[in-house]
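Structure first, then comments.
The values are calculated or read from the model by the stated rules, or taken from the named source; none is laboratory data. As the structure is a computational prediction, the values presented were derived from the model and not from experiment. Every residue, glycine as well, gets a Cβ built from its backbone with ideal geometry; the counts of neighbours run over all protein chains shown.
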Amino acid sequence: HPMSKLLHYVGRAWSFVTTQIPGEHFVINKTSDVPRFLKQAQQKVGQQGALQIEVHDIEGCYPNMPKEAIRFALRSILKQNAILHGYDGVYVPKFGSKPCTWQSRRKNVQKIPFEVMLDVMEFSLDTAMVRMPNGNILRQVGGIPLGDPLSPGMTIGACAWMESEWLQTIAKEDRKYFMAKRFMDDICLVYAKTQEWDSEKFSNDFSASECYQKPLKL
C-alpha cells in the first residue's frame, strides 16, 4: 500500500532528524556510545566530587507521552533546523540501508519536505489503529502510536525538547556537577556528591520527574 511506503520514508526521516537535534538535551544515539559518555562524565564531573550514578526509566513513556508535547517538540526541532541551517527537508534512500542526508544529488533518493513530515506526524497521532488478537480494531487515542515507523523519532524528539526546556531552568554554575544521557526512554545520570552542592536535592528533584511532563514519571 502506498501509505506503508510513505510512513516508512517519513519514519526514517524523523529518526535521522532526531539524531541531530540542536541545543542541549540528553540524546545518545547508540548504546555503544555509553562508555565514551562515562569517561567524559568521569573527567568533567569527577573533578567536583565523588561520582554517583543513577539509571532511570521513563515509566510508560509510549502510552503516557502527551500528544501536544509531541506536536510542539517536533515542530520546534524542524524550525530550529530551518533557521540554523536553512534545511527544508530530508533525503531518504529508496533502497537499501544507506543513511539519510540533509542534501543529496544522488539518484534513488526521495526528498521528504518538512511540511510532509509534519502532516504525516499529525496523521499518525490522530489515526493510530490497532488490530487486537480477536480481530477487533481499536483507535489509540493517547500517547505515541504503538508500532508506527514514526514512534522512535517521536519518543526521542519529545523527550529531548522537555530536557532542553528543563536545562534552561538549571543555573550554569550547577551544570558542572552533573551529566546525563538518554537512549530512547532509558536515562543514565551521573552527578557529584560534594558539600559545595546539594546533590541530594538534585537527585530527589530529578527522580520526581521535574524534567519530564506529567503524566510521565521515572
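Sub-8 Å Cβ pairs linking a first residue in the stretch 83-97 that is farther than 11 Å from residue 107 by Cα to a second residue that is among the β-branched types (Val, Ile, Thr), at least 6 apart or interchain, are 89/112; 89/116; 90/17; 90/101; 90/112, ordered by first then second residue.
In the condition set (1) under 21 Å from residue 188 (Cβ atoms); (2) modelled with pLDDT under 95, residue 26 is compliant with all but (2). Kindly indicate whether residue 126 is acidic (Asp, Glu) and under 25 Å from residue 43 (Cβ atoms). So residue 126 fails the test.
Residues 192, 158: which one is closer than 17 Å to residue 72 by Cβ and either of a type in the set (Gly, Ala, Ser) or touching a helix residue (DSSP H, G or I) at 6+ places or on another chain (Cβ under 7 Å) (or both)?
It is 158.
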